[in-house]
Amino acid sequence: MGYRNLQHCVADLERHGHLRRIDVEVDPHLEMGMMQRRVYAAGGPALFFTKVTGSRFPMLGNLFGTLPRTRFLFRDTLASIERLVDLKLNPMAWLKNPLAYARTLPAATHLLPRNVKNGPILGGQCHIHDLPRLVSWPKDGGAFVTLPQVYSESPLTPGWKKSNLGMYRVQLDGNDYERNREVGIHYQIHRGIGVHHQQAAARGKALPVSVFVGGAPSMSIAAVMPLPEGMPELAFAGVLGGHRIQMVKGASESLIMPAEADFVITGKIYPQDVKPEGPFGDHLGYYSLVHDFPVMKVEKVYHRRDAIWPFTSVGRPPQEDTSFGAFIHELTGALIPTVLPGVCAVHAVDAAGVHPLLLAVGSERYTPYNPLHEPQEILTQANAILGQGQLSLAKYLMIAAREDEHVPDIHDIGAFLEHMLCRVDWKRDLHFQTRTTIDTLDYSGSGLNKGSKVVIAAAGAPVRTLARAVPAEITLPDGFSEPHLCLPGVVAVQGPAWTNERSGRRQLRQLARELNAAQWQEVPLIVLVDDARFVARSLDNFLWAVFTRSDPAWDIDGVDAATAGKHWGCAGPLIIDARIKTHHAPPLEEDPDLVKKVEAKMKALRLVGS
């Protein structure tokens, strides 16, 4: 029941036609990631590379590359997970069907890891330079582990019960790292390892850390799960994997490690010990730049004798991590109301880079005896959402009321935006947080982790119809051109290239000041961009360009704007300046010469997507 290791998983996927074995040599420096991204885009199989340039270990890519394949990996346990979620939502459900829910009892026993005296992970040792050196994008600062499971325990209460398992970026070489002796651990804000690091630093002690790679596929999913406070990821991995996770200790190790892992890098993070990490082509579609992050002093590198190195390659969404997000939503979406009372659904929009745009549906129950005219309770729920774990990193939060007629499914993004724009009153429904934290990977703000947020809340009957074409009568100021309809009621306008902050702010203010509100009555939202045709070409282009390239407090203006009691709003269209700014990180671009080489190799191999 379930895969206990990656070897069984690979064999089973190959047997069922879900995996393609690549027996020609492939270079993990740029070539392999480029190949994996193309196979992912085509909905192709998992890829097992048996001949890896520069390493004796085979590599496995695109394992979670489609949602159906991800479901297939956990087909033996999904029903048990669903029943456990049902019991969480309705603890008395077992009374109605005790036989069905009795089958959840064996699954519950898988919550507890099991200590063993020996395991395949202890079969061999190597050095960092022996590991596959995956470099996904041309400007990456070195080789990275892209599917790591970083394990730590609370120094105050050691043991797996207070442990954290997270997928934090690991840089194996490059920059100033000492060869074979140091690796970078890039963890962002709101991550569990940060609590453990702080606890160790407060005591003046080093924090033992292990990086697991491979093993049971359920370990990778557990490492990215937004689990309830107090539930260790190891416990969830056992339930999802259908077996207790076997854990073993090396002779001199202070932390346990999965007996079936493929690799484990052990070491310690010392207080205040940081070095430059990055750049790295990240999941927003840009490079995250060089910043100081903790350094792990490497002690040992364990591997099993038949070890496989799993990897992914991220970039502008959708990528393989999109399947992660969709699968996690299937597992946890129903639990949202138990964590956030009154909130019916939440959707972090992958095409916008996840954290930049969050959509939500809440409840309006304050005055059920009155017709619903404006947001009330959903404003309270918006604050709760922005106070909840990684949801707090949202930059744009749009929340609708379920009591309104015909609220679209929250995953129908175009319809949801149309629903909001029909109802929103820009004089009333914008609520800013002007100096706060945002995603570490988002460079639209004023500095690392620094930026702003805006809540857009809409409730009540529609107040306008939305333009289905660019209004014929509109005029634009000099320097602004190419109006294109992106969505009903949304027009992209091409503006001058951003050269510096002073002129950029002046151009935005000029556009807002000189537009005639009467000409734009059916266009509540204008986006100022560098390439209006590109932004209007698809919904994904619109979402990516607008929400990854704007900071609400600085890049929002509006026609007929005014401030009343420190509340800012506008009577005419809202304008979001989504031009590329000089402080933004560069977007990811592939080497065109290498593209030709890789696509020729894929054609010769008859790979999907070639």
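Residues in the stretch 27-44 that are in contact with a Lys or Arg (Cβ under 9 Å, 6 or more places away or on another chain) and open to solvent by 20 Å² or more (accessible area, probe 1.4 Å): His29 alone. Selection of the stretch 184-241 for residues being of a type in the set (Val, Ile, Thr) and not in a helix (DSSP H, G or I) yields Ile185, Ile189, Val209, Val211, Val213. Filtered by the rule that a residue be in a loop (DSSP other than H, G, I, E, B) and open to solvent by 30 Å² or more (accessible area, probe 1.4 Å), the stretch 499-544 gives Thr499, Asn500, Asn516, Gln521, Glu522, Asp530, Asp531, Ser538. Would you check if Ala360 is open to solvent by less than 10 Å² (accessible area, probe 1.4 Å) and under 28 Å from Trp520 (Cα atoms)? Answer is yes for this residue.
Restricting the stretch 4-26 to residues that are part of a strand (DSSP E or B) and open to solvent by less than 70 Å² (accessible area, probe 1.4 Å) leaves a set whose member that is nearest to Pro217 (Cα to Cα) is Leu19.
Per the conditions (1) part of a strand (DSSP E or B); (2) surrounded by fewer than 21 Cβ atoms within 10 Å (Cβ to Cβ); (3) not hydroxyl-bearing (Ser, Thr, Tyr), the sole criterion not satisfied by Val493 is (2). Scanning the stretch 153-192 for residues that are open to solvent by 30 Å² or more (accessible area, probe 1.4 Å), at positive phi and in contact with a strand residue (DSSP E or B) (Cβ under 8 Å, 6 or more places away or on another chain) gives Asn175, Asn180.
Filtered by the rule that a residue be crowded, with 21+ Cβ neighbours inside 10 Å, part of a loop (DSSP other than H, G, I, E, B), of a type in the set (A, V, I, L, M) and more than 24 Å from the chain's Cα centre (by Cα), the stretch 411-470 gives Val424, Ala459. When the stretch 275-303 is filtered for residues that are assigned to a loop (DSSP other than H, G, I, E, B) and touching a helix residue (DSSP H, G or I) at 6+ places or on another chain (Cβ under 9 Å), the ones remaining, listed by number, are His283, Leu284, Gly285. Residues of the stretch 114-152 that are under 27 Å from the mean Cα position of the chain (by Cα) and open to solvent by 40 Å² or more (accessible area, probe 1.4 Å): Arg133, Pro138, Lys139. Ala251 meets all of the listed conditions (1) within 30 Å of Thr338 (Cβ to Cβ); (2) without any contact (Cβ under 8 Å) to a residue 24 or more places away in the chain; (3) part of a loop (DSSP other than H, G, I, E, B) but one, namely (1). Within the stretch 545-569, being part of a strand (DSSP E or B), buried (at least 21 other Cβ atoms within 10 Å of the Cβ) and not aliphatic (A, V, I, L, M) holds for Asp557, Gly558.
Across the stretch 376-409, the number of residues qualifying as open to solvent by less than 10 Å² (accessible area, probe 1.4 Å) and part of a loop (DSSP other than H, G, I, E, B) comes to 2.
The values are calculated or read from the model by the stated rules, or taken from the named source; none is laboratory data. The model shown is predicted, which means the values in this text are computed figures rather than measured ones. Cβ atoms come from the backbone with ideal geometry, glycine included; neighbour counts cover every protein chain shown. Accessible surface is based on the protein model in full, side chains and every heavy atom, while ligands, DNA and RNA are left aside. Shrake-Rupley method; radii C 1.70, N 1.55, O 1.52, S 1.80 Å.
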